[in-house]
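One structure is given here, and the rest of the page talks about it.
Readers should treat all values here as calculations from the given coordinates under stated rules, not as data from a laboratory. This structure is a prediction, so every number in the text was calculated from the model and none was measured. Cβ: placed from backbone, ideal geometry, glycine included. Neighbour counts: every protein chain shown.
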Amino acid sequence: MIKSMTGFGRGEASGSPARYEVELRGVNHRFLEIRFHLPQEVGHLERALRDRVAAVVRRGRVDVTVSRSPSREPETQVTIHREVIARYLEAASTLSREFQIPGALGVEAILDLPGAVRIEVRRESVDDELGILLEAISRALSAFEEARIGEGRRLEKDFNERLALVDSDLDRIDEAAASMPSEYAQRLRKRVTEILEGTPVDEVRLAQEIAYLAGRSDVTEEIVRLRAHLRQARECLMGGAGPVGKSLDFLVQEMHREANTIGSKAEDLRISQAVLRVKGEVEKFREQVQNIE
C-alpha cells in the first residue's frame, strides 16, 4: 500500500480545562520536515507532538496548526491595598486643606490609582492538558492518513495502467528487434549487389558485416533490464511496509536510461516510435512518483 505525501486532516478534543483543534497539511518533500504553529501556552509541548507526528509520517513537509480555547473563564482574585488607599486619601485631604482645592476622591477614581487594587488571573498549568492535545492530534493524524491512503490508491491505479502500457510497447519492441537481423541482411546484400554490379559477393565478409550490425543494434539486454525494473516497480506498489517513493524514483530513472539506450541502438522506425511512447509514460510516472511517501 502506497501513501501520498499530500493530504489534510483535522481533529478536535475537549476537556474541563480547554478545547483543542489540530489541523495537518502535507505536501511533497525530499525528507521529513514538520513545522508547528502552536499557542504560546503549549509551546513547550512541541517535542511530544513532534514525536507523535513522526511516528506516523515518514516523508514530506507537514504543517501542524494547533488552536486552544479555554473551556471556562480563568479564576480571578482582586486584592485591595487599604494602606495605599489610606495614604492617597490622606494626601488628597492635605492638598484640599492647604491649597483650598475643592472636591473629593470617588470610588472610580480610587480604582484607577496605581497600586490601589491588584487583579490576579489564576491560570491552570497546561501540562495537565497534554492528554487532551494528544487525543486531538491523534484524530487529526487519522484523518490525515485516510486522505493520504486514498490519494495513494488513485496513484497506484494510475501507475499500474502506465506500467501496462510500457509492457505492451516492450512486446512490440521485442517483436521488431527479433526481425531486425534478417532485415539488415537483406538491405545490406541488396546494397552490396548494387554497388558491385555483377561482381561476385564475398559471402564470408558479408556475413561478418551482418553479424557486426546485428550485434551493435541488439537490444535484448536492455529489454530484459527494463522488464526487471517494471517487475520491481510492481512489487513496490503491491507490497512494502514503509516509504517506497525513493525506490520508485530510482527505478524510474533506470527505466528512462534503458529506454534511451534502446532508442539509440535500434535503427528501426517501429522501435523508435515505441521508445517515444515508453519515455512519455515513464516521464508521467516520474512526475507522479514525486508525490509518493
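Tabulated values for the structure
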{"item": "Equivalent ellipsoid semi-axes, the range 38-153, via Cα gyration tensor eigenvalues times 5, rooted, Å", "result": "58, 13, 11"}
{"item": "Debye intensity ratio in log₁₀ form over the Cα atoms of the range 1-95, taken at each q of 0.14, 0.26 Å⁻¹", "result": "-0.65, -1.35"}
{"item": "Within straight-line cross-link reach of K3, aspartates and glutamates at Cα separation under 16 Å, skipping those fewer than 8 residues along the same chain", "result": "E145, E146, E151, E156, D158, E235, D249, E287, E293"}
{"item": "Loop-located trypsin sites (Lys or Arg not before Pro) in the range 65-173 whose Cβ has at most 13 other Cβ within 10 Å (DSSP)", "result": "R72, R123"}
{"item": "Cleavage-rule hits, chymotrypsin sites (Phe, Trp or Tyr not before Pro), the range 6-87, DSSP coil, Cβ neighbours within 10 Å at most 15", "result": "F31"}
{"item": "Part-to-part distance (alpha-carbon centres) for the range 19-44 and the range 131-183, which is given in Å", "result": "28"}
{"item": "H44 paired with A109, simple spin-label distance in nm, labels 7 Å along Cα-to-beta-carbon", "result": "4.5"}
{"item": "Distance (nanometres) between label positions extended 7 Å along Cα→Cβ at Q253 and A91", "result": "7.7"}
{"item": "All aspartates and glutamates inside 14 Å of K265 as judged from Cα atoms, apart from same-chain residues fewer than 8 positions distant", "result": "D174, D218, E221, E222"}
{"item": "In sequence order, calculated HN-Hα J values of the range 63-68 (Karplus, 6.51, -1.76, 1.60; Hz; x Gly/Pro)", "result": "9, 10, 10, 10, 10, 10"}
